[in-house]
Amino acid sequence: MLGETGTGKEVFANAIHYSSPRKNGPFIKVNCGAIPETLLDSELFGHEKGAFTGAVSQKRGRFERANKGTIFLDEIGELPAPAQVRLLRVLQTKEIERVGGATSIPVDVRIISATNRNLQEMIASGRFREDLWFRLNVFPIMIPPLRQRREDIPALVHHLIERKSKELKLTGRPVLAPGAIDRLMAHEWPGNVRELENMIERSLIQHRGAGALSFETLFAHIASRRPRCGSGLRAE
């Protein structure tokens with residue numbers, strides 16, 4: 001899955017898994033950019049007891065835990081080169097080996113990967129393996145930014161208000177002021193759905209049950225942060 005940060009790639013991955021024949025199997029999420037390189041092999045493929053200092057017991061890795069289900073490799077473009085080689089081997093053989101182990105373990109997993117990076121540019125510069133790209137790019141899904149699907153905003157707003165009201169344990173569901181949806185649809189949303197979600201939550205926190213949600217204060221704050229002509233600033 002390809003798309004900007006905050007477009008909802010993980011939500012789409014969830015939908016794919018729970019709408020498929022694998023829905024009763026595990027759904028394991030991996031943020032490839034959040035795992036230190038020294039721990040990648042252990043996290044993805046597991047390790048045997050005594051494989052390295054601190055390995056006091058056997059550990060099943062994410063791929064083994066995802067057997068008969070789905071593994072979601074988020075931010076796949078952040079994988080370092082050595083990890084790309086090992087991932088390619090798993091995709092080719094459908095087997096993993098725990099760190100310190102000598103036995104190949106077959107795994108039956110669906111792999112969903114996602115990135116906000118331009119992998120074609122990374123391939124051209126040697127930062128991402130082309131053969132791994134061919135293995136992963138079986139059924140590409142491009143998730144457009146929110147500014148290119150503004151017609152989704154009204155439904156997203158109502159859904160997020162409902163969900164966030166429950167999370168914040170609000171006694172009543174606030175109503176929208178006239179023109180509030182139009183104001184939201186006119187915004188560019190550089191942070192996509194995540195930015196919209198955060199704005200809804202901030203509005204509900206500030207609302208305190210007084211009147212309808214208009215978002216005027218939040219949009220005024222955004223406007224106040226934009227550079228003004230004649231301010232002495234210039235783009236480099």
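Working carefully through the options A34, A15, A102, find the one that is out of contact with any strand residue (DSSP E or B) (no Cβ under 8 Å at 6 or more places or on another chain), part of a loop (DSSP other than H, G, I, E, B) and within 30 Å of W189 (Cβ to Cβ).
On the way: A15 fails: part of a loop (DSSP other than H, G, I, E, B); A102 fails: within 30 Å of W189 (Cβ to Cβ).
Exactly one of A34, A15, A102 is out of contact with any strand residue (DSSP E or B) (no Cβ under 8 Å at 6 or more places or on another chain), part of a loop (DSSP other than H, G, I, E, B) and within 30 Å of W189 (Cβ to Cβ), namely A34.
How many of the residues making up region 126-138 are open to solvent by 50 Å² or more (accessible area, probe 1.4 Å) and either farther than 20 Å from R22 by Cβ or in a strand (DSSP E or B) (or both)?
Step one: list which residues in region 126-138 are open to solvent by 50 Å² or more (accessible area, probe 1.4 Å), which gives 126-127, 129-131, 134-135, 137-138.
Pick out the ones that are also either farther than 20 Å from R22 by Cβ or in a strand (DSSP E or B) (or both) and you get 126-127, 129-131, 134, 137.
Residues flagged as open to solvent by 50 Å² or more (accessible area, probe 1.4 Å) and either farther than 20 Å from R22 by Cβ or in a strand (DSSP E or B) (or both) within region 126-138 amount to 7.
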Report task. Among what's in region 146-166 and is in contact with an Asp or Glu (Cβ under 8 Å, 6 or more places away or on another chain) and not aliphatic (A, V, I, L, M), pick the residue that is nearest to E201 (Cα to Cα). Result -> K164
Report task. Could you figure out which of (1) open to solvent by 20 Å² or more (accessible area, probe 1.4 Å); (2) assigned to a loop (DSSP other than H, G, I, E, B) isn't true of E195? Result -> (2)
Query raised in the report: Which numbered condition trips up I112, out of (1) part of a helix (DSSP H, G or I); (2) in contact with a His (Cβ under 8 Å, 6 or more places away or on another chain)?
Result: (1)
Query raised in the report: Can you name the residue in region 15-51 that is out of contact with any helix residue (DSSP H, G or I) (no Cβ under 9 Å at 6 or more places or on another chain) and open to solvent by less than 40 Å² (accessible area, probe 1.4 Å) and, of all such residues, is nearest to V193 (Cα to Cα)?
Result: H17
Requested in this report: Starting from residues that are within 21 Å of the chain's Cα centre (by Cα) and charged (D, E, K, R), keep the ones in region 67-85 and report whichever is most open to solvent (accessible area, probe 1.4 Å).
Outcome: E78
Query raised in the report: Among all residue pairs at least 6 apart or on different chains, which show Cβ distances below 8 Å where the first residue, located in region 1-16, is under 17 Å from F139 (Cβ atoms) and the second is crowded, with 16+ Cβ neighbours inside 10 Å and small (G, A, S)?
Result: M1/A13; M1/S113; M1/A114; L2/A114; G3/A114; K9/G3; K9/A114; A13/A114
Query - Subset of region 52-66 (residues that are assigned to a loop (DSSP other than H, G, I, E, B) and open to solvent by 40 Å² or more (accessible area, probe 1.4 Å)) - result: F52, T53, G54, V56, S57, Q58
Query raised in the report: If we keep just the residues of region 144-185 that are farther than 28 Å from N116 by Cβ and small (G, A, S), which is surrounded by the fewest Cβ atoms within 10 Å (Cβ to Cβ)?
Result: G172
Requested in this report: Name the one entry in I123, I141, I105, I112 that is surrounded by 19 or more Cβ atoms within 10 Å (Cβ to Cβ) and on the phi < 0 side of the Ramachandran plot.
Outcome: I112
Query - Residue tally, condition among the β-branched types (V, I, T) and in contact with a Pro (Cβ under 9 Å, 6 or more places away or on another chain), over region 116-157 - result: 0
Query raised in the report: Got a number for residues in region 37-64 being of a type in the set (A, V, I, L, M, F, W, C) and in contact with a strand residue (DSSP E or B) (Cβ under 9 Å, 6 or more places away or on another chain)?
Result: 6
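The values are calculated or read from the model by the stated rules, or taken from the named source; none is laboratory data. Bear in mind the structure is a predicted one, so any value in this text is a computation, not a measurement. Methodologically, a virtual Cβ is constructed for each residue, glycine included, from the backbone with ideal geometry; neighbour enumeration extends over all protein chains shown. All accessible areas refer to the heavy atoms of the entire protein, side chains included, with ligands and DNA or RNA removed. Shrake-Rupley method; radii C 1.70, N 1.55, O 1.52, S 1.80 Å.
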